[in-house]
Structure formats: C-alpha cells, structure tokens
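The values are calculated or read from the model by the stated rules, or taken from the named source; none is laboratory data. Note that the structure is a prediction, hence the values are computed from the model and not measured. Here Cβ is always computed from backbone atoms with ideal geometry, including for glycine, and neighbour counts include all displayed protein chains. Just so you know, the surface numbers come from the protein's heavy atoms only, side chains and all, with ligands and any DNA or RNA stripped out. Shrake-Rupley method; radii C 1.70, N 1.55, O 1.52, S 1.80 Å.
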Amino acid sequence: VLVTGAGGSIGSELVRQIFKTRPSALILFDIYENSTYDIQQELVRKMRYENIKNIKLVTLIGSTYNEQRVEQIFRKYKPDYIYHAAAYKHVPLMEDSPAEAIRTNVIGTYNVARMADKYNSKKMVLVSTDKAVRPTNVMGATKRFAEMIIQHFSEVSKNTKYAAVRFGNVL
C-alpha cells in the first residue's frame with residue numbers, strides 16, 4: 001500500500017488506519033521530511049512494542065509532481081493500492097501561490113494516476129475536498145481538476161480501479 005502525503009494530517013491518519021490491517025508493505029511518501037519521520041517513528045515504536053515483524057515499512061521523500069521520482073517508486077515497489085492524499089489544502093495560501101497548487105494538486109495527481117495504470121495497481125483512491133463541488137477558489141478548482149483526472153483514468157484503465165472521496169472541513 002502506498003500513501004502519498006503520508007506525513008500530512010489526512011495522510012498520517014490513513015497510514016495509522018491502514019497499518020491496523022497489517023499490509024505486507026506500507027510505503028509512506030511525502031515531500032516534507034519532518035512529519036513523515038514522525039509518523040514513521042510512531043509506527044516503528046508500535047511495531048517494536050507489539051512485536052510486529054511482518055510489515056515492511058518504507059519511508060520515501062519526494063514530490064508527486066516529480067514524474068521520474070513517482071515512476072521510480074512504482075517501478076520498484078509496484079503498489080497494489082494507492083491512497084493519494086498529497087495535496088495543498090489551505091485556501092488562502094493557494095490563492096497566493098496558484099502555480100504550486102496546480103503543480104501538486106493537478107500534475108501530482110496525474111503522475112500518480114498514470115503510474116497506477118502503467119504498473120497495474122489494483123486501486124487508487126484520491127482524497128479530495130468538498131471545495132471541489134462548485135469551486136470558487138484555486139484550491140477547489142485544482143482539486144476538481146484532480147477528480148476529473150481520476151474520472152478519466154477510471155474510464156480508460158483496463159486494470160486499475162479509481163475512486164475519489166471528498167472530505168469536508170477536517171479537524
């Protein structure tokens with residue numbers, strides 16, 4: 001299982017929940033090393049405390065908008081399931097940095113979705129937002145575009161199932 005944005009607020013909770021299902025391998029991927037290291041160490045302590053030895057825990061740093069890095073990960077690990085939580089989510093910040101929102105929320109989603117198809121992953125789930133419904137800001141528009149990417153791959157992929165889930169205001 002690959003979780004993008006694994007160090008973020010949503011990604012780290014996904015990691016915790018997925019970890020409970022005892023996957024054979026759990027890949028944490030994020031651009032930000034500090035929070036990713038924190039969730040990695042939390043799981044390492046849990047594995048040690050509960051004497052869990054059958055989960056391969058892999059922590060990787062990089063960005064989903066770096067196509068070569070994303071392909072490198074898919075080529076090496078061939079994840080069956082992908083939870084794509086890597087995104088910029090703060091509306092005011094994205095209004096001031098729209099190119100970054102596009103790069104991460106749109107191009108990053110495209111790269112992950114394309115590699116999921118290319119490497120025959122079983123399923124990819126995009127974590128989206130209620131702000132994508134009728135977008136009135138850059139963040140909502142980029143997340144709506146990301147949903148459209150998932151819809152496209154869902155229609156054309158022969159092997160991978162694609163889904164998107166919209167979260168509301170997450171505390």
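Among the residues of the stretch 126-146, those that are surrounded by 18 or more Cβ atoms within 10 Å (Cβ to Cβ), assigned to a helix (DSSP H, G or I) and in contact with a strand residue (DSSP E or B) (Cβ under 9 Å, 6 or more places away or on another chain) comprise Lys131, Ala132, Met139, Gly140, Lys143, Arg144, Ala146. The criterion of being surrounded by fewer than 19 Cβ atoms within 10 Å (Cβ to Cβ), hydrophobic (A, V, I, L, M, F, W, C) and touching a helix residue (DSSP H, G or I) at 6+ places or on another chain (Cβ under 7 Å) holds for Val91. Residues in the stretch 88-125 that are part of a helix (DSSP H, G or I), more than 21 Å from Lys76 (Cα to Cα) and polar (S, T, N, Q): Thr104, Asn105. For the stretch 36-61, the tally of residues that are closer than 13 Å to Val3 by Cβ and either open to solvent by less than 30 Å² (accessible area, probe 1.4 Å) or part of a loop (DSSP other than H, G, I, E, B) (or both) stands at 5. Screening Lys161 on (1) of a type outside the set (A, V, I, L, M, F, W, C); (2) open to solvent by less than 70 Å² (accessible area, probe 1.4 Å); (3) under 17 Å from the mean Cα position of the chain (by Cα); (4) farther than 24 Å from Ser35 by Cβ shows it passes everything except condition (2). Here the condition is being within 16 Å of Leu14 (Cβ to Cβ) and open to solvent by 50 Å² or more (accessible area, probe 1.4 Å); of Tyr77, Tyr83, Tyr110, it holds for Tyr83 alone. Taken together, the residues in the stretch 43-65 that are closer than 21 Å to Ile31 by Cβ and of a type in the set (S, T, N, Q) amount to 3. Would you check if there is a residue in the stretch 62-74 being surrounded by fewer than 18 Cβ atoms within 10 Å (Cβ to Cβ), closer than 22 Å to Ile39 by Cα and at pLDDT 95 or above? Yes, some residue in the stretch 62-74 is surrounded by fewer than 18 Cβ atoms within 10 Å (Cβ to Cβ), closer than 22 Å to Ile39 by Cα and at pLDDT 95 or above.
Looking only at the stretch 132-171, count how many residues are among the basic types (Lys, Arg) and more than 16 Å from Ile10 (Cα to Cα). Residues that pass the stated criteria total 4.
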